[in-house]
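The values are calculated or read from the model by the stated rules, or taken from the named source; none is laboratory data. Nothing here was measured: the structure is a model prediction, and the numbers come from that model. Using ideal geometry, Cβ is built from the backbone for each residue, glycine included, and neighbour counts are taken over all protein chains shown. Only protein heavy atoms, including side chains, enter the accessible area calculation; ligands, DNA and RNA are left aside. Shrake-Rupley method; radii C 1.70, N 1.55, O 1.52, S 1.80 Å.
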Amino acid sequence: VTAAPAPDSVGNQRTLVLLLKDKESDSEPFTPAQISDYIFNINGQFQKFMKEQSYGKVSFSGRAYGWYTLGHPLDCYGESNSGGLPTSNELETIVNKYDIDLQDYDRIVYLIGLKDGGCSYIGKISLGVNGKSISISTMIIEGANYFDLSSLDFTYFDKVLSHEMGHSLGLGHANAWRCDDGQIIIGSCSHSEYGNNFDIMGRGNFSLHTNAYFKYILGWIPTSEVLSIYQSGLYTINPLELSNGSKMAMIYTEGGILSPYVLEFRQGIGFDSYLPSKYQSGIFVNRIQSNTMNVTELLTMNPIGNVYNPTLNLLPTLSAPEPQTELLAFVD
């Protein structure tokens, strides 16, 4: 018996950035050298964030080429030759023009102009280029014309790139499960796509680190730092943002071999520093929605009112009960 190899989401990710436009008149808002420095500089926000949330287990190196005029619109969901990813023949033309060997890369980032957002396959796909079969991930990042490369903050571009890179590394979305009538799991409930406000793979409105289960399946949290809970008891987990100690707990059903629930404890540290204090005294509970597509749902552990009540998005943590106080009413 030998140790299993590290997943390809661990270690240096050799990344090719291709700057594309669909007509000669399109603007070129920055040079390949500028975007290369922005993405691959170890002091840049993207690199610092990915290093922090992976506990130093992932890094990115690479180079950008372009701008290349493809001659048809580009977007995430269009049909070939009217929009969407470049075809295999188009990719072959691009790599030949710039003398690129795709076998030197693990991931491709297509960076395009006037739209907003991004998309990615989950994990790697097989591409046939120049008579060779290449296993590589591909993604589109839209909105190049709006990116400000001078900012020192975690920008919208950093957020989109980190989210789509999460897909390329193998993750689905960080979703939520919302119930009304004070219920948590069973009742009048609905799935909320992107509904985890505390996760870069969801909306990421209140913190950025991806959830503990996602870190676990990417190989960033080893099995030795996971608590497996099979019975009632007193357990301790460390903040998810810190690199030491147990960072998550998996609750197993009685007599079962599957863990449908994962617990994590968050603090306002690093790229989670803007996490409001009211979420730092309880634990987050994620339900594993799909083991095959790597998808989670954040449960609302303190439900209030109706599922359409926006406060539901703000009360996910399971906290210790507040001390009871006696209310005295005086009536004249």
Inset, instruction - Only bridges with both residues in the chain count here: give the DSSP antiparallel percent, nearest 5. - result: 50
Legend entry - Whole-Hz couplings from phi, Karplus 6.51/-1.76/1.60, listed for region 230-245; x for Gly and Pro: 10, 8, 4, x, 9, 10, 10, 10, 8, x, 4, 6, 8, 8, 9, x
Inset, instruction - From largest accessible area down, sort 179, 76; use a 1.4 Å probe on the protein chains. - result: 76, 179
Inset, instruction - Mind giving me the FRET efficiency for residue 224 and residue 88? R0 is 56 Å, r the Cβ-Cβ distance, nearest 0.05 is fine. - result: 0.85
Inset, instruction - Counting only C-alpha contacts under 8 Å and six or more residues apart, can you give the relative contact order of region 92-239 as a whole percent? - result: 15
Legend entry - Pairs of alpha carbons in the chain whose separation is greater than 35 Å (percent): 29
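For the chain, what's the relative contact order in percent, using C-alpha pairs closer than 8 Å and at least 6 residues apart?
14
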Inset, instruction - Please give the per residue accessible area of region 2-58, computed with a probe of 1.4 Å over protein heavy atoms only, in Å². - result: 49
Inset, instruction - Pop out the carbon and sulfur fraction of the accessible area of the chain as a percent, whole number, probe 1.4 Å. - result: 53
Inset, instruction - Heavy atoms only, probe 1.4 angstrom, no DNA, RNA or ligands counted: give me 124, 132 ranked by accessible area, highest first. - result: 132, 124
Inset, instruction - Taking each pair of different alpha-carbon atoms in region 47-181 once, compute 1/r for the pair, average those values, and report the inverse of that mean as the Kirkwood hydrodynamic radius in Å to one decimal. - result: 16.4
Legend entry - region 152-293: relative contact order in percent, alpha carbon pairs under 8 Å with at least 6 residues between: 15
Legend entry - Listed residues 23, 57, 51 arranged by accessible area, highest first, probe 1.4 Å: 51, 23, 57
Legend entry - Two-site FRET efficiency, residue 194 against residue 277, from Cβ-Cβ distance with R₀ of 35 Å, rounded to 0.05: 0.90
Inset, instruction - Set the Förster distance to 30 Å, then compute FRET efficiency between residue 242 and residue 43 from the Cβ-Cβ distance, nearest 0.05. - result: 0.85
Legend entry - residue 61-residue 126 pseudo-label distance in nm [points 7 Å out on the Cα-to-Cβ vector]: 2.9
Inset, instruction - Mind checking the full-extension length gain between residue 99 and residue 31? Use 0.36 nm per residue of separation minus the Cα-Cα distance, one decimal, nm. - result: 22.6 nm
